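Quick notes on the structure that follows.
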Amino acid sequence: MNCCKTVTDKAQQALAWVDERFPLSFLWKSHVSEYYAPKNFNFWYLFGSLALLVLVIQIVTGIFLVMNYKPDASLNLAGVPVAFASVESTIMRDVWGGKYIRYMHSTGASAFFIVVYLHMFRGMLYGSYRKPRELIWLFGMGIFLCLMGEAFFGYLLPWGQMSFWGAQVIVNLFSAVPVIGGQLSEFIRGDFVVSDATLNRFFAFHVIAIPLVLLGLVTSHLIALHEVGSNNPDGVEIKKHKDANGIPLDGIPFYPYHVIKDVFGVSIFLIVFAAVIFFAPEGGGYFLEFNNFFPADALKTPPHIAPVWYFTPYYSMLRATTSDFLPFLWAFIALISVLTWRGAASCRFVRGLCVLVPLAAYWGFFGLSAFGLTVPLTALLLPGVKFTVLGVDLARGLDAKFWGVVMMGGSVMLFALLPWLDRSPVKSIRYKGVLVKTALVIFVVAFLILGYFGTQPPSPVGNILSQICTILYLSFFGLMPWYSRLDKTKPVPERLTWK
Amino acid sequence: MSLLNKTLSVALLMLALVGQGVVQAQEIKLDKAPVKFDNATLQQGAKLFVNYCLNCHSASALRYNTLTQIGLTEQQIMDNLMFTADKSGEQMIVALRRDDARKWFGVAPPDLSVVARARASELGSGPDWLYTYLRSFYRDDSRPTGWNNVVFPNVGMPHALWSLQGVQEARFAEVDDGTGKKVQHLAGLELTQPGQLSKQEYDEQVASLVSFLTWMGEPGQETRHALGWVVLAVLSVLAIFSYLLKRAFWKDVH
């Protein structure tokens, strides 16, 4: 007994020694053991901690992969690129346990996107982006963008056919930027085609640059969250009702309650994760694409280049933006502008924008022609006169390809506007009305359809459906200020509901 | 039109041009490959692979001594399967020079280490593709090698196993392409000169070769599966206990 007491005393002394020099106990209390989170967290609230778990899995497995991976596009003795061989030969076969580490990393990439998409969907269900949590949402958007960067740069590293051609296609998109496009895509690649130079810089971005930014953003995301406190499925603020000690009545300490609950969630997640790693590491060709088992070959273009599944909704929107789709897109922009104009009687600046934006978009889409269907007006009035500045024909507007790229980037960024687009008086879907619920269902269906067609080769039916779904996707965000305000909401309880 | 559409159309156009030979691009049905991972089958496949494939193709991800996993001893491997290597830990790399190969076949024979994984598509699994491919060569005097293939039209590879299978010739039928134009469609292959093996024996041999190629794509796939059950069992125990723990802790939350 005495001996135990001495040990705990010593431990206490050691902790006191540290606490005088570093706020260890303070940090533990304020972020874990005395961080009060709502007690009615449901299934959807697991995905935050799961995302953190997957991040750790990716970093740890990534470190071990880097020990054996070689970012080298030259051919080895057997005529296989060194980078490809370092994955398929060294890591997958020669390194003890290497293939499990590799499968964890490749499955982890897909798992990361599944978890993060569900985490974002939770935010949309319960209005977690609403005041005062706008910054949490924006840091989250930053994390989402970093993840996309990680996935894109990392996908080149195995140096398979899909790695090579996927990077080639995506980097080529930058050549659609007016004036500087050509030089820009060359600058990104460091060569005229994707090559060893590209592989080396993508490796640097994948293992150093983006992970550093990612960790900073994750920290900021958590600090911001712990500053304002977690939202909950009812969307009520638990800090409004506190007991005599200043503890929220509906809150329970994160440790042990939520930690223990998350451990259960983690174990279920790991069962699914392990099932994929051990029984279907290729994920049916979605997690590891079959064509990527061919080494990169600059002379052989695969018949069908598709990005990995998590990029396909945005990729679909890129493909949907053809020149015959631009009139519909313009009509959509005009509609939003008219609606905004009507609602902004008091603000001249906003009204000015409502005129300027559709006009600028019209010129950008069609130049001086009638919706791109006729020749430019200038060709009729001043035949023979060129209006070309720095390679851009001012009479014709910009290429649809450029607008496709804008669409792809913009559709991702739209999520960042949610805190300001949502005008509903309530946060949670539980108290929202039929309008918002319908819009959310349409959005999810459109997103899934876009994702499906992104994996398929282009087809006329797929193209039209993608265009319809692109408009639906944009409408979910673009019309939100109106339908969320018109929606008939239910009264929100004072305290959270809990059975 | 986006750049990607352009890229894709160019790619499709190129494919169409490639397929302009006698055989029109038509729906290819792959036969199900009877893949077996028992030692006898894999050893038979290894023998075929070393004798018929390894003269031109490398399998650089595979080391000779990995074959101990299919029940061979190092001595057996060294005596019977190693013709160009000295040490059993060496990779299966072919002696053929790539530049020569390119001159002879138009393309350097690809490394086959993971070919069974690469050849999977919506048409069927990688082994199915290989199994059908290796049984679908036919005489075609318009090709430099004298051989063509149904699954891989205008392939650069000659029929390496012809002495076993014999010689097949293609039978074509005139088919209306829907616009009134008559096109030649492959109706089937016919064995015109028998080889050393009967059709059934040849199919069995190819099946063993395909099994070996599949095994080679990731040696120890079965260990991975077996280990998977252990991991799932351990995780299930964790899930049960963490659930019970959660229930115990949450008893006082009202």
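The values are calculated or read from the model by the stated rules, or taken from the named source; none is laboratory data. All of these numbers come straight from a predicted model, not from anything done at the bench. Here Cβ is always computed from backbone atoms with ideal geometry, including for glycine, and neighbour counts include all displayed protein chains.
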ask   = Within the bounds of region B:130-138, is there any residue that is under 25 Å from A:GLY79 (Cα atoms), modelled with pLDDT under 90, of a type outside the set (Lys, Arg) and crowded, with 16+ Cβ neighbours inside 10 Å?
value = no
request  = Give, as residue ranges, the helices (runs of 4 or more DSSP H) completely inside region A:390-499 that count at least 3 residues that are closer than 30 Å to A:THR374 by Cβ.
outcome  = A:400-413, A:460-478
inquiry  = Which pairs turn up if I take residues in region A:395-415 that are within 14 Å of chain B (Cβ to nearest Cβ) and look for partners that are among the small types (Gly, Ala, Ser) and part of a helix (DSSP H, G or I) with beta carbon separation below 7 Å, at least 6 apart in sequence or on another chain?
reply    = A:LEU398/A:GLY364; A:ASP399/A:ALA176; A:LYS401/A:ALA176; A:PHE402/A:ALA176; A:VAL405/A:ALA176
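A:VAL355: in a helix (DSSP H, G or I) and in the same structural domain as A:TYR483 (by TED's automatic domain parsing), yes or no?
The answer is yes for A:VAL355.
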ask   = Looking at this structure, is A:VAL116 surrounded by 19 or more Cβ atoms within 10 Å (Cβ to Cβ), part of a helix (DSSP H, G or I), under 15 Å from the mean Cα position of the chain (by Cα) and not assigned by TED's automatic domain parsing to the domain that holds A:TYR310?
value = yes
Index of the failed condition, A:PHE332 passing every other in (1) of a type outside the set (Lys, Arg); (2) under 27 Å from A:SER475 (Cα atoms); (3) assigned to a loop (DSSP other than H, G, I, E, B) = (3)
query = Being touching a residue at least 40 places away in the same chain (Cβ under 8 Å) and within 18 Å of A:ARG201 (Cα to Cα), is that true of even one residue in region A:138-147?
reply = yes
query = List, please: which pairs have Cβ atoms under 8 Å, are six or more places apart or on different chains, and start with a residue in region A:163-186 that is more than 19 Å from A:PRO303 (Cα to Cα) and end with one that is surrounded by 20 or more Cβ atoms within 10 Å (Cβ to Cβ) and of a type in the set (S, T, N, Q)?
reply = A:SER185/A:ASN172
request  = Any residue in region A:285-301 that's β-branched (Val, Ile, Thr): show its pairings with residues that are crowded, with 21+ Cβ neighbours inside 10 Å at Cβ separation under 8 Å, as long as the two are six or more apart or on different chains.
outcome  = A:THR301/A:TRP165
Some residue of region A:319-332 being within 29 Å of A:ALA111 (Cβ to Cβ) and more than 8 Å from every other protein chain (Cβ to nearest Cβ) = yes
Selected residue (only one of B:TYR202, B:TYR243 is within 9 Å of chain A (Cβ to nearest Cβ) and modelled with pLDDT of 90 or more) = B:TYR243
ask   = Name the residues in region A:448-474 that are surrounded by fewer than 19 Cβ atoms within 10 Å (Cβ to Cβ), more than 19 Å from the chain's Cα centre (by Cα) and hydroxyl-bearing (Ser, Thr, Tyr), would you?
value = A:SER459
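Per-residue answers, yes or no, for (1) more than 13 Å from chain B (Cβ to nearest Cβ); (2) in contact with a helix residue (DSSP H, G or I) (Cβ under 8 Å, 6 or more places away or on another chain); (3) not basic (Lys, Arg):
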| residue | (1), (2), (3) |
| --- | --- |
| A:GLN12 | yes, no, yes |
| A:ARG21 | yes, no, no |
| A:TRP28 | yes, no, yes |
| A:ASP72 | yes, yes, yes |
| A:GLY79 | no, yes, yes |
| A:PHE84 | no, no, yes |
| A:SER89 | no, no, yes |
| A:SER110 | yes, yes, yes |
Verdict on A:ASP262 being within 14 Å of chain B (Cβ to nearest Cβ) and either over 30 Å from A:VAL82 (Cβ atoms) or part of a loop (DSSP other than H, G, I, E, B) (or both) = yes
Tally, over region A:444-473, of residues that are free of Cβ contacts under 8 Å to residues at least 60 places away in the same chain and either in contact with an Asp or Glu (Cβ under 7 Å, 6 or more places away or on another chain) or closer than 20 Å to A:ILE333 by Cβ (or both) = 3
request  = Select from region A:278-305 the residues that are in contact with a helix residue (DSSP H, G or I) (Cβ under 7 Å, 6 or more places away or on another chain) and within 20 Å of B:GLY228 (Cα to Cα) and list them in ascending order.
outcome  = A:PHE278, A:PHE279, A:PRO281, A:GLY283, A:PHE287, A:LEU288
query = Restricting the search to region B:99-110, which residues are within 11 Å of chain A (Cβ to nearest Cβ) and surrounded by fewer than 16 Cβ atoms within 10 Å (Cβ to Cβ)?
reply = B:ASP99, B:ARG102, B:VAL107
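Anything in region B:40-67 that is of a type in the set (S, T, N, Q) and not in a loop (DSSP other than H, G, I, E, B)? List them, or say none.
Residues of region B:40-67 of a type in the set (S, T, N, Q): B:41, B:43-44, B:51, B:55, B:58, B:60, B:65-66.
Within region B:40-67, B:THR41, B:GLN43, B:GLN44, B:ASN51, B:SER60, B:ASN65, B:THR66 meet the criteria.
Please determine, by comparing only the residues of region A:265-292 that are in a helix (DSSP H, G or I) and in contact with a Pro (Cβ under 9 Å, 6 or more places away or on another chain), which one is surrounded by the fewest Cβ atoms within 10 Å (Cβ to Cβ).
So, considering only residues that are in a helix (DSSP H, G or I) and in contact with a Pro (Cβ under 9 Å, 6 or more places away or on another chain), the one surrounded by the fewest Cβ atoms within 10 Å (Cβ to Cβ) is A:ASN291.
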query = Would it be correct to say that A:ALA344 is over 17 Å from A:PRO178 (Cβ atoms), of a type in the set (Gly, Ala, Ser), touching a helix residue (DSSP H, G or I) at 6+ places or on another chain (Cβ under 7 Å) and free of Cβ contacts under 8 Å to residues at least 40 places away in the same chain?
reply = yes
